[in-house]
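Worksheet: one structure, shown below.
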Amino acid sequence: MKKLGILLSGRGSNFEAIARNVQAGKIPAEIAIVISNKEEALGLARAKEMGLATCFIPSKGKEREAFDREVVAVLKEHKVDLVCLAGFMRILSPYFIREFPRRILNIHPALLPSFPGVEAQKQALEYGVKFTGCTVHIVDEGVDTGPVVCQAAVPILDDDTVETLSARILKEEHRIYSEGICLMLEGRVRIEGRRMVKVG
Ligand code: GAR
C-alpha cells in the first residue's frame, strides 16, 4: 500500500476530502502522517480525531532548510511515497524538492500559470477574468510553477465576492486533488517536458 504524507497549515478541508476518499477506498493509499507547522491548525485537530498519525513541527524563527530537514526526516520515518501539500503556506527549499523528486503535489486555487502565489481567488476576481479554477501540480523549486497534473475551470459570476468564488473553487479542489493523487499513484501519467500525459 502506497503511503501519503499530508502537509497543512490551516483549515485542512482538502486534507479531509483526501482522507474521506482514502477511507472510501477511492484512493489506493493510506495516510501515513499529517504534519502541520501551525499547532492550532484545524486540519491537525481533525486528523487526530480521525485517529491518524500527526506531527506539529514549528516553523517560526527557523531557517527554511533547517525546518524542511525536520519535515523530511518525519516523512522518511513514515516511509512516505507521495507528499501532498494541502494549504501548506510555505515555500519548499531545493533540499526538500531533491529528497522527493516529482513526488510532491500541491493544489492551487487558480488556473496556473495565471494568478500564482497568495490570494489567487482575489487576484482573479480583481483582474476580471470570466473563468478561473484550480490546479493540481507537481512542486518544483519555483512558486506554483511545476508541471500541471489536472485542472478544473470555474466560472466567475457578476455578483461574486472573494468568499463566494473561493467556495465554488474549493468544491472543485476537493474533487480534483484526489483525482490527481490517483493519477500519480497509479502511474497513469508520464512527463514529456512540462506536459503530464495520460498513459494507457
Ligand atoms: C485552498 O484553497 C488551497 O487551494 C489554498 O489554500 C486553501 C487551503 O484550504 N492553497 C494555496 O493558496 C497555496 N498557494 P484548506 O486548508 O481548507 O485545504
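Values for this structure:
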read-out	value
Hits in the stretch 76-96 (condition: farther than 19 Å from LEU185 by Cα and within 14 Å of the ligand (Cβ to nearest atom))	GLY87, PHE88, MET89, ARG90, ILE91, LEU92
Matching residues in the stretch 112-144 - criterion: being open to solvent by 60 Å² or more (accessible area, probe 1.4 Å), in a loop (DSSP other than H, G, I, E, B) and touching a strand residue (DSSP E or B) at 6+ places or on another chain (Cβ under 8 Å)	LYS130
Selection from the stretch 146-163 of residues that are open to solvent by 60 Å² or more (accessible area, probe 1.4 Å) and within 14 Å of the ligand (Cβ to nearest atom)	GLN151, GLU163
Qualifying position, being open to solvent by 10 Å² or more (accessible area, probe 1.4 Å), at pLDDT below 95 and under 15 Å from the mean Cα position of the chain (by Cα), among ILE91, ILE107	ILE91
Checking ALA29 against (1) open to solvent by 30 Å² or more (accessible area, probe 1.4 Å); (2) touching an Asp or Glu at 6+ places or on another chain (Cβ under 9 Å), the condition it does not meet	(1)
Residues (within 10 Å of the ligand (Cβ to nearest atom) and more than 17 Å from LEU7 (Cβ to Cβ)) located in the stretch 97-111	ALA110
The one condition in (1) closer than 26 Å to GLU172 by Cβ; (2) away from the ligand (no atom under 16 Å from the Cβ); (3) open to solvent by less than 40 Å² (accessible area, probe 1.4 Å) that ASN14 fails to fulfil	(2)
Residue selected from the stretch 151-200 under the condition touching a residue at least 40 places away in the same chain (Cβ under 8 Å) and assigned to a strand (DSSP E or B), by the criterion farthest from LEU105 (Cα to Cα)	ALA153
Test result for GLU192, surrounded by 15 or more Cβ atoms within 10 Å (Cβ to Cβ) and among the charged types (D, E, K, R)	no
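Quick grid of which residues meet (1) open to solvent by less than 70 Å² (accessible area, probe 1.4 Å); (2) under 24 Å from ILE176 (Cα atoms); (3) under 16 Å from the mean Cα position of the chain (by Cα):
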position	(1), (2), (3)
ILE6	yes, yes, yes
ALA24	yes, yes, no
ILE33	yes, yes, yes
ALA41	yes, yes, yes
MET50	yes, yes, no
SER59	yes, no, no
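The values are calculated or read from the model by the stated rules, or taken from the named source; none is laboratory data. What you are looking at is a predicted structure, and each value in this text was computed from that prediction instead of being measured. So basically every Cβ, Gly included, is an ideal-geometry build from the backbone, and we count neighbours across all protein chains shown. We work out accessible area using only protein heavy atoms, side chains counted, and drop any ligands, DNA or RNA first. Shrake-Rupley method; radii C 1.70, N 1.55, O 1.52, S 1.80 Å.
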